[in-house]
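A.B. asks: Let me give you the structure first, and then I'll get to my questions.
The values are calculated or read from the model by the stated rules, or taken from the named source; none is laboratory data. Quick caveat, the model's predicted, so the values are computed rather than measured. FYI the Cβ positions are ideal-geometry reconstructions off the backbone, even for glycines, and counts take in every protein chain you see. These accessible areas exclude ligands, DNA and RNA; they are computed on the full protein's heavy atoms, side chains included. Shrake-Rupley method; radii C 1.70, N 1.55, O 1.52, S 1.80 Å.
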Amino acid sequence: MKIESGAGLMKTSNSISERVVRKLGRAFSGIIKKIKASHKKTVLERLSKNEPIFILGVQKSGTTAVAALLSEATRLPATLDIIRSIKRPYSKILRNYGIEDFGDYIYRYRREFSRKIIKEPGLTFDYQDLRAYFPKARFVIIFREPKDNIRSILDRLKVPGDLKKLNTQEWPELNSSGAWRLNIDSSWLGHWPESYVDSLAYRWQLSAQIYFKNIDDFVLLRYEDFCRDKTGKITKLAEDLGLQVMTDFSDMVDSQFQPRGERVENYDFFYKENMLYIDKHCSEYAKKLGY
């Protein structure tokens, strides 16, 4: 009869222990996944019963000012951008190609999605998913004249409008922000841009197409109309949404919610050859919107 040495017994014991630990680890991991899946389902079901108001529209169209003033006027809590998602800008691509479920996105940022007013320009192109997950939601979409809207974005990024090519590494605001780099690249939306202005113009066009295809689902507000009568437009918007104005917010209407850009008198000079992309993508819908 063969008797194992002490070292052999120790080796066998260690091997058994390692297998047990691995099995326990897999079992524990499986339990954690089931708990998370159950919690996600519960959270999404609860949120689906809410009646949020989504403030949509491309960046620099006035969404922050409108959402902030509407929140102040009605005393309702608001999410002014899903700030935490800025660190994961690639999640837009993952969702677009079905790698990440939109429900995962809502679950990850469930705190932001739990508020009554939710302003997030990045969700404009997720309108159909928002409608599916929030069947009781109301939608506001804000438009700004496209030449001025794109100019404002470029001001924010400290980028001129007439470059033929844009190397993002040469511009600090773009080099430091993956989210903004994604916003001037429309390839993940199925459009291969010839320039950064082409990309921004296409995004404006896409937002307009979403609105006109679902026009009955949106409350429309033009940025220029808002600027002419901020108190009146916010009061009217609250009424259209079935909300009650609870406080005098007139002292806030001139607050600067975003950095002010430079006004342009001659857009042909500002954009030069890039102007053709704005005309190509935006002119039809700009006319429909009264621009």
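A.B. asks: How far apart, in nanometres, would the label points at Lys288 and Ala132 be if each is projected 7 angstrom from Cα along the Cα-to-Cβ direction?
C.D. replies: Taking the simple label geometry, Lys288 and Ala132 are separated by 2.4 nm.
A.B. asks: So, one more: At 1.4 Å probe size, with the rest of the protein present, what percent of the exposed accessible area of the chain is carbon and sulfur atoms? Don't skip to the end; give the middle numbers.
C.D. replies: Numbers: 8390 of 16200 Å².
Carbon and sulfur together cover 52 percent of it.
A.B. asks: Here is a follow-up. Could you compute the net charge surrounding Ser199? Neighbours are other residues with a C-beta less than 13 Å from the C-beta of Ser199; K and R count +1, D and E count -1.
C.D. replies: Cβ neighbours under 13 Å give a net charge of +1.
A.B. asks: Give me, ordered by chain and number, the residues 5 or more places off Arg115 or on other chains with an amide H under 5 Å from its own placed amide H.
C.D. replies: Placed amide hydrogens put nothing under 5 Å from Arg115.
A.B. asks: What does the accessible area per residue of the chain come to in Å², with a 1.4 Å probe and no ligands, DNA or RNA counted?
C.D. replies: Computed with neighbouring chains in place, this is 56 Å² per residue.
A.B. asks: If you add up the charges near Leu94, with Lys and Arg at +1 and Asp and Glu at -1, over every other residue whose beta carbon is less than 12 angstrom from its beta carbon, what do you get? If you can, show how the numbers build up before the last one.
C.D. replies: Details: positive: Arg88, Lys92, Arg95, Arg108; negative: Glu100, Asp101, Asp104.
Net of charged neighbours comes to +1.
A.B. asks: I've got another one for you. In a GNM of the chain with a 10 Å cut-off on Cα contacts, which of Ala68, Ala78, Ala132 has the highest mean-square fluctuation?
C.D. replies: Looking only at Ala68, Ala78, Ala132, the biggest GNM fluctuation is shown by Ala132.
A.B. asks: Between Trp192 and Arg84, what is the label-point separation in nm under the 7 Å Cα-to-beta-carbon projection?
C.D. replies: Modelled inter-label distance: 3.8 nm.
A.B. asks: Something else about it: Alpha carbon centre of region 142-198 versus region 86-125: separation in Å?
C.D. replies: 21
A.B. asks: Check Arg144: other-chain or 5+ apart residues with amide H under 5 Å from its amide H, H built from backbone geometry?
C.D. replies: It is Tyr223, by chain and number.
A.B. asks: Place a +1 charge on the Cβ of each Lys and Arg in the chain and a -1 charge on the Cβ of each Asp and Glu, then give the dipole magnitude about the Cα centre in debye, rounded to the nearest 20.
C.D. replies: 1880
A.B. asks: Just check region 164-286 against the gyration tensor rule for me: Cα atoms, a ≥ b ≥ c as the square roots of the eigenvalues, rounded for a/c under 1.5, and otherwise prolate or oblate depending on whether a/b exceeds b/c. Numbers along the way, then the final one.
C.D. replies: Values: a/c = 2.02, a/b = 1.63, b/c = 1.24.
Since a/c reaches 1.5 and a/b is larger than b/c, the shape of region 164-286 is classed as prolate.
A.B. asks: For the chain, list the DSSP H helices whose alpha carbon atoms reach 18 Å or more along the long axis and whose average Kyte-Doolittle value is -1.0 or above?
C.D. replies: 6-48, 196-213, 275-288
A.B. asks: Another question, then. Based on the mean of other Cβ atoms within 10 Å per residue, sort peptides 104-110, 224-230, 170-176, 116-122 so the most packed one is first.
C.D. replies: Highest mean packing first, the order is 116-122, 104-110, 224-230, 170-176.
A.B. asks: Run the simple label-point estimate for Asp254 and Glu173 please: 7 Å along Cα→C-beta, distance reported in nm.
C.D. replies: Between Asp254 and Glu173, the label points sit 2.5 nm apart.
A.B. asks: Something else: Among 134-144, 280-290, 239-249, what's the highest-first ranking by average C-beta atoms within 10 angstrom per residue?
C.D. replies: Ranking, from highest mean packing down: 134-144, 280-290, 239-249.
A.B. asks: Based on the Cβ-Cβ distance from Thr247 to Lys158, what FRET efficiency comes out when R0 is 35 Å, to the nearest 0.05?
C.D. replies: Efficiency for this residue pair is about 0.45.
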